[in-house]
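What follows is one structure encoded as structure tokens, with my remarks underneath.
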Amino acid sequence: MLYCIATSWLFRLKLVSPCRLICCLEQTERLSHDTAISDVTDIAIYDGKRNHSLSTNNICFIESMGRYQCVHITLYGKCRFNLDSILTEESMANFEHKLESKRFLRIHRSYIVNLAQVAQVVREPGRTLVKLFDVDSHYVARRKVVSLIECLRKSPIR
């Protein structure tokens, strides 16, 4: 066991397992890559009443619902903007054009995902699913599986 100083009103020594410490350091490193100044770009999303200016880091995935698109926000974004999602009439093609191809990928007709939010790719007989952090699984189109795996392998976020 290692001892770590916790900063608060009082300084205390706290018992920390090495495994948990390494996990926290890796997560901190991943988050620092997510919020690097060069990677952060803001996009404006109009929901019919007002414009929302979101950082691309705060977008988890975009889901097509017929004529409308639902922009699902990350857990951090939910706390920051007090929103779960934004419903807009912008097209999926417009979002594909706005969002950087290094960070986002259209995995299906109905989904564009933030590659930083991908927790795992699950292959089952006849289908492939992508699991995002804090979100259910989504289907990946058969023709997009190879490009998804390639993007995840060479992604600077990982």
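The residues listed here are 96, 124; of these, the one that is loosely packed, with under 14 Cβ neighbours inside 10 Å and among the acidic types (Asp, Glu) is 124. None of 64, 55, 101 is modelled with pLDDT under 90 and buried (at least 17 other Cβ atoms within 10 Å of the Cβ) except 55. Selection of segment 62-114 for residues being hydrophobic (A, V, I, L, M, F, W, C), free of Cβ contacts under 8 Å to residues at least 40 places away in the same chain and in contact with a Cys (Cβ under 9 Å, 6 or more places away or on another chain) yields 71, 73. Taking first residues from segment 42-59 that are among the polar types (S, T, N, Q) and partners that are buried (at least 18 other Cβ atoms within 10 Å of the Cβ), the Cβ contacts under 6 Å between residues at least 6 apart in sequence or on separate chains come to 57/34; 58/73; 58/74; 58/77.
When segment 41-68 is filtered for residues that are in a loop (DSSP other than H, G, I, E, B) and either of a type in the set (Asp, Glu) or in contact with a helix residue (DSSP H, G or I) (Cβ under 6 Å, 6 or more places away or on another chain) (or both), the ones remaining, listed by number, are 41, 47. Screening 71, 113 for residues that are in a strand (DSSP E or B), surrounded by 13 or more Cβ atoms within 10 Å (Cβ to Cβ), hydrophobic (A, V, I, L, M, F, W, C) and touching a Phe, Trp or Tyr at 6+ places or on another chain (Cβ under 7 Å) leaves exactly one candidate, 113. Number of residues in segment 74-103 that are assigned to a strand (DSSP E or B) and on the phi > 0 side of the Ramachandran plot equals 0. Scanning segment 129-157 for residues that are assigned to a strand (DSSP E or B), in contact with a helix residue (DSSP H, G or I) (Cβ under 8 Å, 6 or more places away or on another chain) and not aliphatic (A, V, I, L, M) yields no hits at all. Screening 85, 101 for residues that are of a type in the set (Ser, Thr, Tyr) and closer than 17 Å to residue 134 by Cα leaves exactly one candidate, 85. Kindly provide the set of residues from segment 74-89 that are surrounded by 12 or more Cβ atoms within 10 Å (Cβ to Cβ) and either closer than 23 Å to residue 148 by Cβ or at pLDDT below 90 (or both), ordered by number. 74, 75, 76, 77, 78, 80, 81, 83, 85, listed by residue number.
Considering segment 132-145, the residues that are under 14 Å from residue 62 (Cα atoms) and modelled with pLDDT of 90 or more include one that is surrounded by the fewest Cβ atoms within 10 Å (Cβ to Cβ), namely 139. In the set (1) surrounded by 11 or more Cβ atoms within 10 Å (Cβ to Cβ); (2) closer than 21 Å to residue 131 by Cα; (3) modelled with pLDDT under 90, residue 35 fails one condition alone, (2).
The values are calculated or read from the model by the stated rules, or taken from the named source; none is laboratory data. Bear in mind that the values here come from a model prediction, so they are computed numbers and not experimental data. So basically every Cβ, Gly included, is an ideal-geometry build from the backbone, and we count neighbours across all protein chains shown.
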